[in-house]
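> Just passing along the structure, written as structure tokens.
The values are calculated or read from the model by the stated rules, or taken from the named source; none is laboratory data. Fair warning: this is a prediction, and the values are worked out from it, not measured in the lab. Positions of Cβ are backbone-derived with ideal geometry, glycine not excepted, and every protein chain shown enters the neighbour counts. Surface accessibility is based on the protein's heavy atoms, side chains included, excluding ligands, DNA and RNA. Shrake-Rupley method; radii C 1.70, N 1.55, O 1.52, S 1.80 Å.
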Amino acid sequence: ADTFWLMKKNKQAIQAWYDVVHLGRQQKHWVIVGGAGRDLTNLLLIQGRRNEGLALCEDLCRLLTDNQGHYLPLAGIPLLGLVMLHYEANEMQRVEHCLELAIPLCHQVGHGYFMVMGQLEQARLAYVRGDIQAAFRSLANANKQAVQFGNKEAINLVAGATAEFHLREGNLTAVARWAKDMGLTTSDIVQDTIPNKAYFNYIRLLLVQGKP
């Protein structure tokens, strides 16, 4: 699945992630199920298959409950998936509800990446509500956690989210610095080598700068 994803063979990657989720469920390896579900949800959203992502996350949330119907800690992962999917549809009340459930569960799991993701989603929610200072505080907390855990993927995601907010605020200097730190150039666009989550920020920066 990772290989297909890196090769941008998204159709094959999606099927491979579904296979991983299925095998994880068969073996009751819930960490694998949660992690694979996260990657699959991201890819489904990128491919415009949001409703499919919703069905997947809701199914995983039901799966990751105890006999009393309470969420197990690992349910925080698909709940974060629901946060992302509802955010894309501007369903902010659902975003807040899922986020309130997800963050304490992710802290129970103790996995640095998902704790950082919770902070990122808090930042997005604060920004949409117009609390810019709170949004950047959440981003700073997310970055601190990512550095503390030494998770490079999380560090890059926080940097990308911060660049996105700076772009919305018109701080092109900060965005250009992010692009330079990431080593992005226009040749990366031509060669299609930019990661999906960095691609759109960089394209927007070039457009604002008036570059073809």
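> Over every pair of different alpha-carbon atoms in the chain, take the mean of 1/r and invert it; report that Kirkwood radius in Å.
18.0
> Considering only the other residues whose Cβ falls under 12 Å of the Cβ of Gln12, what net charge follows from Lys and Arg at +1 and Asp and Glu at -1?
Value of the local net charge: +1.
> Another one. Take the chain, connect every pair of alpha-carbon atoms lying under 10 Å apart with a spring to form a Gaussian network, then pick out the residue of Thr41, Thr173, Thr162 with the largest mean-square fluctuation.
Thr173
> Now for a separate question. Please report the accessible area of Asp59 (heavy atoms, 1.4 Å probe, ligands and nucleic acids excluded) in Å², nearest 10.
Here the accessible area works out near 50 Å².
> Okay, moving on. Quick one: work out Rg over Rh on the C-alpha atoms of the range 1-104, Rh as Kirkwood radius.
On the way: Rg = 13.5 Å, Rh = 13.8 Å.
With Rh from the inverse mean 1/r over Cα pairs, Rg/Rh is 0.98.
> Protein chains only, probe 1.4 Å: how do Tyr127, Tyr113, Tyr71 rank by accessible area, largest first?
Output order, biggest surface exposure first: Tyr71, Tyr127, Tyr113.
> Within the chain, which is the longest segment containing none of the GluC sites (Glu not before Pro) that sit in a DSSP loop and have at most 16 other Cβ atoms within 10 Å?
1-90
> Next question, about the same structure. Name the shape class, rounded, prolate or oblate, that the alpha-carbon gyration tensor gives for the range 78-165, where a ≥ b ≥ c are the square roots of its eigenvalues, rounded holds for a/c under 1.5, and otherwise prolate holds if a/b is larger than b/c and oblate otherwise.
Oblate is the answer for the range 78-165, as a/c is 1.5 or above yet b/c matches or exceeds a/b.
> At 1.4 Å probe size, with no ligands or nucleic acids counted, give the accessible surface of Arg25 in Å², nearest ten.
Approximately 90 Å² for this residue.
> Sticking with this structure for a sec: Which order do Phe165, Phe149, Phe136 take by accessible area at a 1.4 Å probe, largest first?
Descending order: Phe149, Phe136, Phe165.
> Round to a whole angstrom and tell me the spacing of the C-alpha centers of the range 93-167 and the range 1-53.
Going from one Cα centre to the other spans 22 Å.
> Probe radius 1.4 Å, ligands and nucleic acids ignored: give me the carbon and sulfur share of the accessible area of the chain as a rounded percent.
About 52 percent, which is the carbon plus sulfur part of the accessible surface.
> Pairs of Cα atoms under 8 Å, at least six residues apart: use those to get the relative contact order of the chain, whole percent.
Value for the chain: 10 percent.
> Follow-up question, since we're still on this one. For Met7, Met117, give me the order by solvent-accessible area with a 1.4 Å probe, most accessible first, ignoring ligands, DNA and RNA. Present the calculation step by step, with values, prior to reporting the outcome.
Working: Met7 100, Met117 30 Å².
I get Met7, Met117, largest accessible area first.
> Also: Per residue, how many Å² of accessible area does the range 25-89 show with a 1.4 Å probe? Mind dumping the intermediate values first?
Working: 3050 Å² over 65 residues.
In whole numbers, the range 25-89 has 47 Å² accessible per residue.
> Just the accessible area for Lys8, please: 1.4 Å probe, Å², rounded to the nearest 10?
Accessible area of Lys8: about 70 Å².
> Taking the Cα atoms only, what angle lies between the long axis of helix 10-27 and the longest principal axis of the chain, rounded to 10 degrees?
The angle comes out near 30 degrees.
> Ok, one more. Give me the one-decimal nm value for the distance between modelled label points at Gln15 and Gln148, 7 Å along each residue's Cα-to-Cβ direction.
Distance between the two pseudo-spin positions: 4.3 nm.
> Next up: Compute the long axis of helix 92-109 from its Cα atoms, compare it with the longest principal axis of the Cα atoms of the chain, and write down the angle in degrees, 0 to 90, nearest 10.
Once rounded, the angle reads 70 degrees.
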